[in-house]
Structures are given as structure tokens and as C-alpha cells.
């Protein structure tokens, strides 16, 4: 059976090129085919005018130039890689959702063409992180080649699935794994004005660490080659994961976080991390 492909969306920008480079390296690591996609939008009403055909022809030529350059870049990085390219008409977000059905991974850059200068996460990237039918990597910052894989572990139902992806990512990269666990300790009322991160609660920390060890034991047994470090913090999960991303090569999170409100598709740590992480972020979808 053919290994499912890794799909990468690109628009020819620096962010899009970074996504292609990351996806090519990951496809090589997973021995998977790489599917490079560029979607371009056009106004269908113009097709009824004399300039309509000329407009769509120019748009298609520009799109083909984008995927051709992306193909050449991926081929230069991984000559043996099986590469497929597509130029698709339509809004990038909608077309990427369609083409990523059945893929093992979708890779996008953090910002697209035409984004506002101060925007840290493009609308297409945000929509993919919340609505794509497969795991999504948002490529941003600079991955540290010798850094660890970092994963956020909470008490949500999908944490085992997230840990599976994190351990697998660390194993294939021959990297260590840093597990970040954030929780709010119960503190006396007379310390109510003190930041939870500054309160020393050794007994509660020990109990929390024991629960985390129980959660990690099956995965440590399955991946004995992966060195595991645990970070237990009273800071918010978002702050702790952003800080850890500065020296990491990949951060892994679930698409639903602990305490998620109805209708939200990313936990409270997800959006801040996607906006501020210093390295690529893998968002793991719940198991079907």
C-alpha cells in the first residue's frame, strides 16, 4: 500500500518556501511522497468579460511558476523524493482542506501573501490549524537542529494520541523529548496576591508529577531510546510552551486543550503558541 502523502501549501513567499523545505525534509524522514499545492483565487464574473480568459491564463501561469519553483527547491533538498504538484483554482483554505483528506500531514507557512505586516499568523494557517482533516504543521521561527521535541501534556481525552505523535517525532529525529505540564496549585488565601508560578508547593508538585509519570510510562516503554525530560510549571501552558520553543526543533500540541470551551477547536495554549512559537508547531487532530 502506498504511504499517504505529506501535503504542503505554498504561495511563493519566504514563509511558503520555508514550509516546502520543512515538508521535504519531513517527507524524506517518513519515506512519504510529497504533494506540493498552490491555490489561486479569481473572480468568476470576469470570465464573462473579454479579459476573463486572459486573466485566468496569466493567473494559471503565475501559479505554475510558484509550484515549479517549489518543486525545484524540494528536489534540490531531497533528490530521491517522490514529488507531485498541483495548481488549484479557489480559496487556499478551502482547497487545502479538500486536498489534505487522506494525507498523513499538512504543512503550511505561518503567513501568506498579502498579510498585514504586523500579523503573526495568517488566516489560512489559522484555519488549517483548526479545520484540516489531518495533523497540521505550521512552520514558523527557526527549528534548532539539535534541540528537543517539546510536547504539552494535559488531562484532556486526546493526550495519549498527542504523546504518540510526540514520541514518534522524537524517535525519528533521534532527539530528546521535553514534556511540559502546566497546572495551577491550590494556594492559601493569604498568598492570593502572589503569582502561582512563584509559590513553592512541593507536595502538590510531587502528586502532579506522579500522575504525569503514570501517563508517560507506556510511551517510555514503547520508545526506550527517547530521553524524556519533564517540565512541571505553574505558569500558563502557552507561556511555558512558547519559552520551550526557543530551543526546540518542534512543538507538539493537541487540537483540543484542557478546559476547552464549546465550539473552540484549539485549547487555550494553541492560539498564543501558533502566534509566538520560535519553531514549527505540530497540531495533532483527535483520532477518528
- request: At 0.36 nm per residue, minus the direct Cα-Cα distance, what do residue 89 and residue 221 gain on full extension? Give it in nm, one decimal, please.
  value: 42.8 nm
- request: With the cut-off at 15 Å, report for the range 133-189 the share of all Cα pairs above it, as a whole percent.
  value: 61 percent
query: What order do you get for 22, 219 when you list them from fewest to most C-beta neighbours inside 10 Å?
result: 219, 22
- request: May I ask you to sort 17, 247 by Cβ crowding, counting other Cβ atoms within 10 Å and putting the fewest first?
  value: 247, 17
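What list do you get for 278, 222 if you sort them by fewest beta carbons within 10 Å?
Fewest-to-most ranking of 278, 222: 222, 278.
Quick note: the coordinates plus some simple rules give every number you see, no bench work behind them. This one's a predicted model, so the numbers in the text were calculated from it and none came from an experiment. Using ideal geometry, Cβ is built from the backbone for each residue, glycine included, and neighbour counts are taken over all protein chains shown.
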